[in-house]
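K.L.:
Before we start, here is the structure in question, set down as structure tokens.
The values are calculated or read from the model by the stated rules, or taken from the named source; none is laboratory data. For clarity, every value in this text was computed on a predicted model and none was experimentally measured. Every residue, glycine among them, receives a Cβ derived from its backbone with ideal geometry; neighbour counts consider all protein chains shown. Quick note on the areas: whole protein, heavy atoms, side chains included, nothing else; ligands and nucleic acids left out. Shrake-Rupley method; radii C 1.70, N 1.55, O 1.52, S 1.80 Å.
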Amino acid sequence: MLFRCWMLLVLLCSAVFAQDATPGVWNKRVLADPTGKLPTGLPYRLWVPKDYSAAKKFPLVVYLHGAGERGTDNEKHIAKNGAPQLVGELQAKQPCFVLAPQVPDGQRWVEVNWGEKEPHKMAEQPSDTMRLLLQLLDELPKEFSFDPQRLYLTGISRGGYGTWYIASRHPGKFAALAPVCGGIVRPYEMRPAHVAQMLDSTDPYAEL
């Protein structure tokens, strides 16, 4: 009897914490913040390829939205701009996973006070939203079959800044970047050597 009760509890917990993973749709998910600093957690959408099979490795494209799509509805950040194309035109050419996290209201991809006059400087530590995104990128490969050599990153506007932020601090993690309307902001003073080379170069894109 005790064993049956224990099994029932396990099944109920699995039902509560299981997240959607249906191929061919935008699966609605949330990553809880283990630190409790971000009560809403990180809302995100995950597109699973229609022909997904764990026996095959698929590319993963990460899309970071702009400031106007912040919130916790897990909807508006995939309604326009680049997200629809990533699950439409792109899927027809190259089936892949698409990860689209949403920044909660009042939060940022990058901790920069945009109200200050230039030059802007980034904080040494990632924002809570960015911290959760990095955690998510570590956790998803445990659930799905990704090709670690085909991890791509793109973002628009403030998501473009977020794209440069991650790439400058994690060189070699992404196979390619496609920041749109996002600039390179001078980071904290104790920046890594590769960031210094990038910022001091006449062609920072080539140094990244």
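Residue by residue, here is whether (1) at pLDDT below 85; (2) open to solvent by 20 Å² or more (accessible area, probe 1.4 Å); (3) aliphatic (A, V, I, L, M) holds:
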{"position": "Tyr63", "(1), (2), (3)": "no, no, no"}
{"position": "Gly66", "(1), (2), (3)": "no, no, no"}
{"position": "Lys76", "(1), (2), (3)": "no, yes, no"}
{"position": "Gln85", "(1), (2), (3)": "yes, yes, no"}
{"position": "Gln94", "(1), (2), (3)": "no, yes, no"}
{"position": "Gln102", "(1), (2), (3)": "no, no, no"}
{"position": "Asp138", "(1), (2), (3)": "no, yes, no"}
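K.L.:
Among the residues of region 104-133, write down those that are within 21 Å of Arg150 (Cα to Cα) and either modelled with pLDDT under 95 or in contact with a Lys or Arg (Cβ under 9 Å, 6 or more places away or on another chain) (or both).
P.N.:
Passing the criteria: only Met130.
K.L.:
Can you work out which of the residues in region 17-31 that are touching a helix residue (DSSP H, G or I) at 6+ places or on another chain (Cβ under 9 Å) and more than 16 Å from Leu133 (Cβ to Cβ) is least open to solvent (accessible area, probe 1.4 Å)?
P.N.:
Restricting to residues being touching a helix residue (DSSP H, G or I) at 6+ places or on another chain (Cβ under 9 Å) and more than 16 Å from Leu133 (Cβ to Cβ), the top hit is Gly24.
K.L.:
Which pairs turn up if I take residues in region 32-58 that are under 18 Å from Pro101 (Cα atoms) and free of Cβ contacts under 8 Å to residues at least 60 places away in the same chain and look for partners that are among the small types (Gly, Ala, Ser) and surrounded by 10 or more Cβ atoms within 10 Å (Cβ to Cβ) with beta carbon separation below 6 Å, at least 6 apart in sequence or on another chain?
P.N.:
Filtered contacts from region 32-58: Ala32/Gly41; Arg45/Ala100.
K.L.:
Counting only residues that are part of a loop (DSSP other than H, G, I, E, B), in contact with a Phe, Trp or Tyr (Cβ under 8 Å, 6 or more places away or on another chain) and small (Gly, Ala, Ser), which one in region 157-182 is least open to solvent (accessible area, probe 1.4 Å)? I'd like the intermediate steps shown before the answer.
P.N.:
Going through region 157-182, the residues part of a loop (DSSP other than H, G, I, E, B) turn out to be 157, 170-175, 181-182.
Add one more test, that the residue is in contact with a Phe, Trp or Tyr (Cβ under 8 Å, 6 or more places away or on another chain), and what stays is 174-175, 182.
Now restrict to residues that are small (Gly, Ala, Ser): 175, 182.
Values: Ala175: 60, Gly182: 17 Å².
Ranking the qualifying residues of region 157-182, first place goes to Gly182.
K.L.:
Among the residues of region 130-156, what is the count of those that are assigned to a strand (DSSP E or B) and not aliphatic (A, V, I, L, M)?
P.N.:
8
K.L.:
Among the residues of region 107-118, are any under 27 Å from Thr35 (Cα atoms), in contact with a strand residue (DSSP E or B) (Cβ under 8 Å, 6 or more places away or on another chain) and not in a loop (DSSP other than H, G, I, E, B)?
P.N.:
Just the residues of region 107-118 that are under 27 Å from Thr35 (Cα atoms), to begin with: 107-114.
Subsequent filtering for residues that are in contact with a strand residue (DSSP E or B) (Cβ under 8 Å, 6 or more places away or on another chain) retains 109.
With not in a loop (DSSP other than H, G, I, E, B) added as a condition, the list becomes none.
The answer is no; no qualifying residue exists.
K.L.:
Mind checking whether some residue in region 32-42 is of a type in the set (Ser, Thr, Tyr) and open to solvent by less than 50 Å² (accessible area, probe 1.4 Å)? Spell out how you get there, then give the answer.
P.N.:
Applying the first criterion (of a type in the set (Ser, Thr, Tyr)) to region 32-42 yields 35, 40.
Checking the rest, the ones that are also open to solvent by less than 50 Å² (accessible area, probe 1.4 Å) come to none.
No, every residue in region 32-42 fails to be of a type in the set (Ser, Thr, Tyr) and open to solvent by less than 50 Å² (accessible area, probe 1.4 Å).
K.L.:
If Arg70 passes every condition in (1) open to solvent by 50 Å² or more (accessible area, probe 1.4 Å); (2) in contact with a Ser or Thr (Cβ under 6 Å, 6 or more places away or on another chain) but one, which one does it miss?
P.N.:
(2)
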